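One structure follows; several queries about it will come next.
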Amino acid sequence: MSDRPFRRAVATVCLSGTLEDKLGAAAAAGFDGIEVFEPDLVAAPWSPAELAARCADLGLSIDLYQPFRDLDSTDPARFARNLRRAERKFDVMEQLGTTTVLVCSSVAADAVADPDQLAGQLAAVAQRAGERGLRIAYEALAWGTHVSTWDRSWDAVRRADSPALGLCLDSFHVLSRGGDPAGFAAVPADKLFFLQLADAPQLQMDVLQWSRHHRLFPGQGAFDLAAFLDSVLAAGYTGPLSLEVFNDVYRQSDPARTAVDAMRSLLWLQEQLAARRGDPELAVAPPAPALTGWSFTELAVDGVSGPEVAAALAGMGFTHTGQHRSKPVQLWEQGRARVLLNASVVRPSATGVASVAALGLESADPPRSAQRAECLKAPVLPRTRGATEADLSAVAAPDGTQVFFTRTGPDGWPADFLPTGSPAGAGAGVTGVDHVGLTQPFDSFDEAALFYRAVLGLEPQAVGEFAAPFGLVRTRAVSDPARAVRLALSVSALRRGTWAPGVPDPQYVAFTSADVVATARAARAAGAPLLTIPGNYADDLDARYDLAPELLAAIRELGLLYDEDEHGRWLQLVTRVLGDRVFLVVVQRLGGYDGYGAADAPVRMAAHRRSRALATTD
């Protein structure tokens, strides 16, 4: 197992901030080299030589200078000016100490269409580069005027026949145009000068806008980058694996976090390559141990929110069964569902707020889960524990939620709790945990999907969107193959303004029941704070679905939500918001339903807004 069979680089355009910020972030994340994006150099306080020295001090090589745009031209005078411009850029490269410059296919109106004329102009600039010991890596932009596919760029390079001219293969430009990486095998290895990697979601939009705003790091989108990389390496490429990602969120996020996310994506991609090739020597970490279920969900509470959440749990049939030996933490149980209420977190700025603070996940091998997390740039968090308390490893998810790797047993973490004398009873029919819903910070949605995929081995499902009462919401679930562990991630698709009357960053725990109607009736009888759903919703269900009269009557009576698809059906019961942010859900999956009731989310969000507004006027 080795994490260093390849050199890893990142383009400075991927990161936010000044060039100084970007270099520090790239070095701290463990990159070997960078691509210098010309606008970053132009705005930098350093000369090219000083930049080279700074990179050397940080242990970073400069692997590429980019981009040189619109080289070829049908206007001889303009092409002559472009040759002069190229010579000046060669001067910069010599000071930078880099030998390769990226030349993009032209997008100008006067771009050369004739293949032989284009090859001749490329050969002319390559000759000048070669005389100075430099190289031209020619890249087909997916929106190039005449060269927009990788095979057209290869045709131009082949015709030019210059040792200083080769290809830059960019996964976005190739895959966004439906290119076949299998064709790389026809390219001589010494013509594969550089490789740029980017993932992306599948979008139906102008390819230029797709590229400029929606690229992602490997593992965050829909491209098969393992197959792409395998084809490039099989063709004989030996250079660095370099990320070039244009993304609006990354360009305004903390560059240190983005750089770690970027490095994790390359580690994940290398792992996918190892699996594809059946080569354990390429593995970067031990395989993710199976996650077999939920140990607990921990809610951070205080003296205001704690009693409110505790009362709601009691109304939902949970029993306070344990008290932590040394900390103000309560254990509440029903069936296989366990909730911890932790009042030890001091949050002066969030008085009265409850939040999901930690997830306890059952791991087949907790130490190996922690080791894998460390290898994938998720260090184990320091923890204070008593001498006789369970030694649990936890890592921080991108939103700050702690993820614990556990084994629940008589000698495990439950032994840290002293019995209250109130054993868990039959309750209201809750049997376990179905999933946990977490709203992500605006900057962390894609990072979170990769974190759970790479570190925990959960597989992401398709990204969805729905129109909520207060703006567009984007969703993505991650789960293990057996669906023992599910997370529903969401984010506002745009940054909110000052008017945001909905629940701020809502979170919820969804429990399971074999009979949600019976659970709802028991919870209502026990005084649980159930959410009121308007009658219009049941009327609409009656119009859209052929529901049994007794089921429709129960939905109307109990305020249940309902969804169905070609695989099965879904029922859910929802509480009011507790502690300004958290609510509880009970779900019943019928047949093969595998969703999360996203179609009903706007109804639930409006109902939560209404109940909160009424509470403030009482």
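The values are calculated or read from the model by the stated rules, or taken from the named source; none is laboratory data. These numbers come from a predicted model, not from an experiment. No Cβ is skipped: glycine too gets one built from the backbone with ideal geometry, and neighbour counts run over all protein chains shown. In case anyone asks, the SASA skips ligands and DNA or RNA and just uses the protein heavy atoms, side chains included. Shrake-Rupley method; radii C 1.70, N 1.55, O 1.52, S 1.80 Å.
Is it true that some residue in region 283-292 is assigned to a loop (DSSP other than H, G, I, E, B) and among the hydroxyl-bearing types (Ser, Thr, Tyr)?
No, because not a single residue in region 283-292 is assigned to a loop (DSSP other than H, G, I, E, B) and among the hydroxyl-bearing types (Ser, Thr, Tyr).
Read through the list (1) touching an Asp or Glu at 6+ places or on another chain (Cβ under 9 Å); (2) farther than 30 Å from Ala449 by Cα; (3) open to solvent by 10 Å² or more (accessible area, probe 1.4 Å); (4) touching a residue at least 40 places away in the same chain (Cβ under 8 Å), then give the number of the only condition that Gly322 fails.
For Gly322, the failing item is (3).
Can you give me the number of residues within region 83-99 that are surrounded by fewer than 20 Cβ atoms within 10 Å (Cβ to Cβ) and among the polar types (S, T, N, Q)?
2
In addition: Any residue in region 212-233 that is more than 18 Å from the chain's Cα centre (by Cα), at pLDDT below 95 and not aromatic (Phe, Trp, Tyr)? Break it down stepwise before answering.
Of all residues in region 212-233, those more than 18 Å from the chain's Cα centre (by Cα) come to 212, 227-233.
Those still in the list that are at pLDDT below 95 too: 212.
Then drop every residue that is not not aromatic (Phe, Trp, Tyr), which leaves 212.
So far as region 212-233 goes, yes, one or more of its residues are more than 18 Å from the chain's Cα centre (by Cα), at pLDDT below 95 and not aromatic (Phe, Trp, Tyr).
Looking at region 427-443, can you tell me whether even one residue there is within 34 Å of the chain's Cα centre (by Cα), open to solvent by 30 Å² or more (accessible area, probe 1.4 Å) and among the aromatic types (Phe, Trp, Tyr)?
For region 427-443, residues within 34 Å of the chain's Cα centre (by Cα), open to solvent by 30 Å² or more (accessible area, probe 1.4 Å) and among the aromatic types (Phe, Trp, Tyr): present.
Ok, one more. Any chance you could count how many residues in region 145-166 are among the basic types (Lys, Arg) and closer than 24 Å to Asp206 by Cβ?
At the first step, the residues of region 145-166 found to be among the basic types (Lys, Arg) are 152, 158-159.
Narrowing further to those that are closer than 24 Å to Asp206 by Cβ: 152.
Number satisfying all stated conditions: 1.
What residue, of Ala142, Ala186, is out of contact with any strand residue (DSSP E or B) (no Cβ under 7 Å at 6 or more places or on another chain) and open to solvent by less than 10 Å² (accessible area, probe 1.4 Å)?
So the residue among Ala142, Ala186 that is out of contact with any strand residue (DSSP E or B) (no Cβ under 7 Å at 6 or more places or on another chain) and open to solvent by less than 10 Å² (accessible area, probe 1.4 Å) is Ala142.
Would you be able to say whether some residue in region 597-618 is in contact with a His (Cβ under 9 Å, 6 or more places away or on another chain) and among the charged types (D, E, K, R)?
Checked against the condition, which is being in contact with a His (Cβ under 9 Å, 6 or more places away or on another chain) and among the charged types (D, E, K, R), region 597-618 yields no hits at all.
May I pose another question? Within region 361-395, restricting attention to residues that are in a loop (DSSP other than H, G, I, E, B) and touching a residue at least 60 places away in the same chain (Cβ under 8 Å), which residue is surrounded by the fewest Cβ atoms within 10 Å (Cβ to Cβ)?
Here the answer is Thr388.
Let me ask something additional. Let me confirm something: among Asp190, Asp230, which residue is among the charged types (D, E, K, R), under 27 Å from Ala119 (Cα atoms) and in a helix (DSSP H, G or I)? So that I can check it myself, show each step before the final result.
Values: Asp230 fails: under 27 Å from Ala119 (Cα atoms).
On inspection, the qualifying residue turns out to be Asp190.
Let me ask something else. Quick check on this structure: which one of Leu122, Leu102, Leu175, Leu165 is of a type in the set (A, V, I, L, M, F, W, C) and open to solvent by 10 Å² or more (accessible area, probe 1.4 Å)?
Being of a type in the set (A, V, I, L, M, F, W, C) and open to solvent by 10 Å² or more (accessible area, probe 1.4 Å) holds for just one of Leu122, Leu102, Leu175, Leu165, which is Leu175.
If the requirement is being modelled with pLDDT of 95 or more, in contact with a Phe, Trp or Tyr (Cβ under 8 Å, 6 or more places away or on another chain) and among the small types (Gly, Ala, Ser), which of these qualifies: Gly527, Gly559, Gly568?
Only one candidate qualifies: Gly568.
Starting from residues that are among the β-branched types (Val, Ile, Thr) and buried (at least 17 other Cβ atoms within 10 Å of the Cβ), keep the ones in region 272-315 and report whichever is farthest from Pro423 (Cα to Cα).
For region 272-315, the residue satisfying everything is Val284.
Taking Val503 as the residue in question, decide whether it is out of contact with any strand residue (DSSP E or B) (no Cβ under 6 Å at 6 or more places or on another chain) and under 24 Å from Leu551 (Cα atoms).
no
For region 5-18, which residues satisfy the criterion of being open to solvent by less than 10 Å² (accessible area, probe 1.4 Å) and either modelled with pLDDT under 95 or in contact with a strand residue (DSSP E or B) (Cβ under 8 Å, 6 or more places away or on another chain) (or both)?
Once the filter is applied, which keeps residues that are open to solvent by less than 10 Å² (accessible area, probe 1.4 Å) and either modelled with pLDDT under 95 or in contact with a strand residue (DSSP E or B) (Cβ under 8 Å, 6 or more places away or on another chain) (or both), region 5-18 yields Arg8, Ala9, Val10, Ala11, Thr12, Val13, Cys14.
Related question: Is there a residue being part of a loop (DSSP other than H, G, I, E, B), open to solvent by less than 50 Å² (accessible area, probe 1.4 Å), closer than 30 Å to Val516 by Cα and of a type outside the set (Lys, Arg) anywhere in region 353-360?
Looking through region 353-360, at least one residue is part of a loop (DSSP other than H, G, I, E, B), open to solvent by less than 50 Å² (accessible area, probe 1.4 Å), closer than 30 Å to Val516 by Cα and of a type outside the set (Lys, Arg).
Of Ala449, Ala462, which residue is among the small types (Gly, Ala, Ser), under 26 Å from Arg368 (Cα atoms) and touching a Lys or Arg at 6+ places or on another chain (Cβ under 9 Å)?
Only one candidate passes the filter, namely Ala449.
Could you grab me the full set of residues in region 234-255 that are part of a helix (DSSP H, G or I) and either in contact with a Leu (Cβ under 9 Å, 6 or more places away or on another chain) or at pLDDT below 95 (or both)?
Matches in region 234-255: Tyr250, Arg251, Gln252, Pro255.
So, one more: Among the basic types (Lys, Arg) and touching a Ser or Thr at 6+ places or on another chain (Cβ under 9 Å): is that true of Arg8 in this structure?
It is true that Arg8 is among the basic types (Lys, Arg) and touching a Ser or Thr at 6+ places or on another chain (Cβ under 9 Å).
How do the pairs read when you match residues in region 546-561 that are among the polar types (S, T, N, Q) with residues anywhere that are surrounded by 13 or more Cβ atoms within 10 Å (Cβ to Cβ) and in a loop (DSSP other than H, G, I, E, B), using Cβ under 6 Å and keeping only pairs 6 or more apart or on different chains?
The qualifying pairs do not exist here.
Okay, next question. Output the residue which, of all residues in region 578-618 that are hydroxyl-bearing (Ser, Thr, Tyr) and touching a residue at least 40 places away in the same chain (Cβ under 8 Å), is surrounded by the most Cβ atoms within 10 Å (Cβ to Cβ). Can you show your working first?
Let us first name the residues in region 578-618 that are hydroxyl-bearing (Ser, Thr, Tyr), namely 593, 596, 611, 616-617.
Among the residues that remain, those that are also touching a residue at least 40 places away in the same chain (Cβ under 8 Å) are: 596, 611.
Working: Tyr596: 25, Ser611: 17.
Per the criteria, the residue is Tyr596.
Tell me, which residue of region 396-426 that is of a type in the set (A, V, I, L, M, F, W, C) and within 34 Å of the chain's Cα centre (by Cα) is most open to solvent (accessible area, probe 1.4 Å)?
Once the filter is applied, the top-ranked residue is Ala396.
Name every residue in region 42-55 that is surrounded by 13 or more Cβ atoms within 10 Å (Cβ to Cβ), out of contact with any strand residue (DSSP E or B) (no Cβ under 6 Å at 6 or more places or on another chain) and farther than 12 Å from Gln95 by Cα, in order of residue number.
Within region 42-55, Ala44, Arg54 qualify.
Pull up region 331-352, narrow it to residues that are polar (S, T, N, Q) and outside any loop (DSSP other than H, G, I, E, B), then point me to the one that is least open to solvent (accessible area, probe 1.4 Å).
Residue satisfying both the conditions and the ranking: Gln334.
Residue under question is Leu456, and the condition is that it be within 28 Å of Arg251 (Cβ to Cβ), assigned to a loop (DSSP other than H, G, I, E, B) and open to solvent by less than 30 Å² (accessible area, probe 1.4 Å); does it hold?
Answer is yes for this residue.
Would you point out the residue of region 217-248, among those that are among the β-branched types (Val, Ile, Thr) and crowded, with 18+ Cβ neighbours inside 10 Å, that is farthest from Ala198 (Cα to Cα)?
Val232
With respect to Val147, determine if the residue is touching a residue at least 24 places away in the same chain (Cβ under 8 Å), in contact with a Pro (Cβ under 8 Å, 6 or more places away or on another chain), crowded, with 16+ Cβ neighbours inside 10 Å and not small (Gly, Ala, Ser).
Values: touching a residue at least 24 places away in the same chain (Cβ under 8 Å): yes; in contact with a Pro (Cβ under 8 Å, 6 or more places away or on another chain): no; crowded, with 16+ Cβ neighbours inside 10 Å: yes; not small (Gly, Ala, Ser): yes.
Criteria not met by Val147.
Can you confirm whether region 298-320 contains a residue that is in contact with a Pro (Cβ under 6 Å, 6 or more places away or on another chain) and either in a helix (DSSP H, G or I) or at pLDDT 95 or above (or both)? Talk me through it step by step, then tell me what you get.
Narrowing region 298-320 to residues in contact with a Pro (Cβ under 6 Å, 6 or more places away or on another chain): 312.
Now restrict to residues that are either in a helix (DSSP H, G or I) or at pLDDT 95 or above (or both): 312.
The answer is yes, given that some residue of region 298-320 is in contact with a Pro (Cβ under 6 Å, 6 or more places away or on another chain) and either in a helix (DSSP H, G or I) or at pLDDT 95 or above (or both).
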